[in-house]
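Everything below concerns the one structure shown next.
The values are calculated or read from the model by the stated rules, or taken from the named source; none is laboratory data. Predicted model only: the values in this text are computed from it and were never measured. Virtual Cβ from ideal backbone geometry, glycine too; neighbours counted across all protein chains shown. Areas reflect the complete protein model, heavy atoms only, side chains present, ligands, DNA and RNA absent. Shrake-Rupley method; radii C 1.70, N 1.55, O 1.52, S 1.80 Å.
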Protein chains: 2
Amino acid sequence: MSIQTALTKRLGIRHPVLLAPMDVVADASLASAVSGAGGLGILGGGYGDAAWLEREIARIKETQVRFGIGFITWSLAKQPRLLDLALESGPAAVMLSFGDPAPFAEPIKRSGAALICQVQTIDMAREAASVGADILVAQGTEAGGHGATRSTLTLVPELIDAIGPDVPVVAAGGIADGRGLAAALMLGASGVLMGTRFYATKEAAIAAEAKARVQRATGDETARGVVFDIARKRVWPAPFTGRCLRNDFLERWTGRELELVRRAEQEHAGYLAAREAGNFDIAAVIAGEAVGLVRDIPSAREVVVRVSQEAEALLKGATQRLSE
Amino acid sequence: MSIQTALTKRLGIRHPVLLAPMDVVADASLASAVSGAGGLGILGGGYGDAAWLEREIARIKETQVRFGIGFITWSLAKQPRLLDLALESGPAAVMLSFGDPAPFAEPIKRSGAALICQVQTIDMAREAASVGADILVAQGTEAGGHGATRSTLTLVPELIDAIGPDVPVVAAGGIADGRGLAAALMLGASGVLMGTRFYATKEAAIAAEAKARVQRATGDETARGVVFDIARKRVWPAPFTGRCLRNDFLERWTGRELELVRRAEQEHAGYLAAREAGNFDIAAVIAGEAVGLVRDIPSAREVVVRVSQEAEALLKGATQRLSE
């Protein structure tokens, strides 16, 4: 049994489950595991490290699975040649998030890859649709890492009403289990994209202590803001902010962001050193509100199978709630 | 056909749809319409105006429907005798939001009314369960009016995991149609509580221009903050903030809240006058992200019927998404 949607048809995948292209974390190991289990793994091209991208593309091609490649759009605009590198590898999809997709839409579509645009507002959705997005990812504020303020629960159906039925919509942010997938389908989405759930898997390229913190945290223990971006000197354009687990560093600087900007030179080195040392009282564990639904560190395959089967069971049992 | 859940059984209602006890807006006209359609209307006892409460209780009792009464808990604590007034009227439920329910739990439960506690975090849910809440409302940040930071999509399932299956959980915040109700049921909720959707109904006791603004707005046009609370001199205890439509007044003062606090004396009178005059470029239209799903101003009965039927159809069709 599997859940068939416009998304699974468009991408030729078995389960409507996509891996969020988490910068560096979503490497060939994680992405190929997700694709191998019947979802679609999307490499986290992130800020654009050409050497990393070349290596991970080579590695995932060896596994012969379908895969996608994701970029931070405003960062890709600074080194557009990375798109050529990506398209030469024959990805099933290229995902653009956070910025104007217009300059890249045409070459992506011409290559035969599906153009996936992640959006955070209705206006962004209209722009993405107008440049020919094949799939829209509606990302709610629940999501870990960068995002904006709208919540998944309202953004998904409002976006579908605004764009119409021709473009499959994927729900992102706040989803970590089959309940979330089944809920997303009821909202009209054709599937889900998950970051935090896959961050806490065996394959994810991140420190064990970071995964352990995700496993322990409740959803009340995350916050969205700009403190960590200031500390690592990667401040994003508005309206984007980042969601991470709260930690000592965040508590210390929240509400004092301008002071941190003024002290960034002093704080930056210490922040990088803490990240290097795996000190997550200072360094950020990038995670969304769905951490409260993450209670183990299974394989990525197990996540895809479990989420799909749980959603299938919920859909199958849905009519039992109805009585005459 | 109707959707049967632990909530409908516990409250003896036909549809798992509750009216949010919006301060003053949820009066006897609106609440009785919701109850008459098979949901549960909950009077908006709000900050505690005894004359209003007596009058609306008398009016709703004339209609002979089941009804609930809602209070802002920290405000009720200042005039606890209002609870006696409420309990004497024989409500089906008393709903407490925003504060410690412990002092009021015992008299409510002894009266035979169901104790409904609205919570915004996992810790609050545990506290409410420990004092004997019969029903928990998990309110996400999408909600209009006062609330906190967690999103409905993650709060509902995490809360259910934390509290267990014995207490029915109602999803609140971001729900305005049958897609939202069906999604909430997939998350494990037993029903929904809606404010914004009922705010834009014929019966709601609010200016026509406020309803029209809700009807026009997209979900991108709301914001959560404390500007309006400062202006009307009703600043709430942390962690609560209010979500309203953005307007000129909000744009003017967002980011300058401390200055507004210092000028509150001057600004207060002008704010009240604007509210009186129905000038919603200054006065707040209290609404949640679900505004983007509200495109008409029907009767409250029509809302209950439409939301229920749409959800029923989604549940009935759920298995069509499955293939071998």
Relative packing of B:154-163, A:209-218, B:303-312, which averages over residues the other C-beta atoms within 10 Å, highest first: B:154-163, B:303-312, A:209-218
What distance in nm separates the two pseudo spin-label positions at B:TRP236 and A:ARG262, each 7 Å out from Cα along the beta-carbon direction? 3.3 nm
Could you give, in nm with one decimal, how far B:ARG216 is from each other copy of that position, shortest first, with labels 7 Å out from Cα toward Cβ? 5.2
Eigenvalues of the alpha-carbon gyration tensor of the range B:236-324, times 5 and square-rooted, give semi-axes in Å, largest first, of 41, 17, 11
Enumerate the calculated ³J(HN,Hα) couplings along the range A:200-205 in order (Karplus 6.51 cos²θ - 1.76 cosθ + 1.60, θ = phi - 60°), each rounded to whole Hz, writing x wherever the residue is Gly or Pro. 9, 10, 4, 7, 4, 7
Taking the convex hull of the alpha-carbon atoms of chain B and averaging its shadow over every direction gives an area in square nanometres of 16.4 nm²
Leaving out same-chain residues fewer than 8 places away, which aspartates and glutamates sit with a Cα under 17 Å from that of B:LYS316? A:GLU312, A:GLU324, B:ASP177
In nanometres, what is the gap between the two model label sites at A:ASP281 and A:ARG246, each 7 Å from Cα along Cα-to-Cβ? 1.7 nm
Percent of Cα-Cα pairs per 10 Å bin, from 0 to the last occupied bin, for the range B:176-300, please list those. 13, 39, 32, 14, 3
What lysines does B:LYS233 reach when the alpha-carbon gap must be under 21 Å and sequence neighbours fewer than 8 apart in one chain are set aside? B:LYS78
Averaged over peptide A:293-299, how many Cβ atoms belonging to another chain are found within 10 Å of each residue's Cβ? 1
Assuming 0.36 nm per residue, please report the length gained on full extension of the stretch B:GLU324 to B:LYS61 beyond their Cα-Cα distance. 89.3 nm
Taking the Cα centre of each part, how many Å lie between the range B:32-73 and the range A:204-257? 43 Å
Beyond 36 Å, what percent of the Cα pairs of the protein assembly as shown remain? 37 percent
Using a label position 7 Å from Cα in the Cα→Cβ direction, what is the ascending list of nm distances from B:VAL261 to the same site in the other copies? 2.1
Which residues of the range B:134-155 bury at least 40 Å² of accessible area once all protein chains are present, versus their chain alone (1.4 Å probe)? B:ARG150, B:SER151, B:LEU153, B:THR154
If you put a point 7 Å past Cα along the Cβ direction, how far is that point for A:ARG110 from the same point in each other copy, in nm, smallest first? 7.9
Give me the one-decimal Kirkwood hydrodynamic radius in Å for the range B:143-243, with the sum taken over alpha-carbon pairs. 15.2 Å
